[in-house]
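A quick write-up on the structure given underneath.
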Amino acid sequence: MAAPTVPPVMIGGVRNILVDFSMKHVSNVQVIITILLVLGITFPTSIPIEIRQQASTTVGRLFLFLGLYGILMTDGWFYGILAVIFISLVLSTVPGSYEGFQNTSYSLKLVDEKKRWWVEEILNENPVAIEAEKVKTAAVQDDDLQARSSVQDSKSSSR
């Protein structure tokens, strides 16, 4: 009886070159990943707000989770812990919502706890500070000279 013929196994080629290259330079990649993670952990607010807001979406969190899984599987638990700290800091620095009327140049005034407004007593509110004591308002202006509208201003009286 003749022995079954086994097809020859090819040795070499691009696959072995890539594996050899990645094994030689894996320490450089890990050093770069470590430096980037430590910098990201140290300065999470230096990442632009648009990137942090995109990372906070469902798709962004999915990509962060897949990246974390990839780092855990390829680099080990130490880099996984660094990645978890980085991801949690990035997601915690995303503002929840923007105040529509918030002025960039405001000053806080601390509230005296002895004298509370009637509404604060009824609603059991304990404010710590007042952001804006006076609100600047302006009347609605109709800047269109051609159209007749129900909004009156100083321009409409001169017609």
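The values are calculated or read from the model by the stated rules, or taken from the named source; none is laboratory data. Everything numeric here is computed off the predicted structure, so don't read it as measured data. For neighbour counting, all protein chains shown are included, and Cβ atoms are generated from backbone atoms with ideal geometry for every residue, glycine included.
Of note:
- Restricting segment 41-68 to residues that are in contact (Cβ under 8 Å) with a residue 12 or more places away in the chain, within 13 Å of Leu89 (Cβ to Cβ) and of a type outside the set (A, V, I, L, M, F, W, C) leaves a set whose member that is surrounded by the fewest Cβ atoms within 10 Å (Cβ to Cβ) is Thr45.
- Residues satisfying the criterion are present in segment 69-79 (criterion: outside any helix (DSSP H, G or I) and at pLDDT below 90).
- Residues in segment 109-153 that are within 37 Å of the chain's Cα centre (by Cα) and surrounded by 11 or more Cβ atoms within 10 Å (Cβ to Cβ) were compared, and the one that is modelled with the highest pLDDT is Glu120.
- Taken together, the residues in segment 16-31 that are of a type outside the set (Ser, Thr, Tyr) and loosely packed, with under 10 Cβ neighbours inside 10 Å amount to 3.
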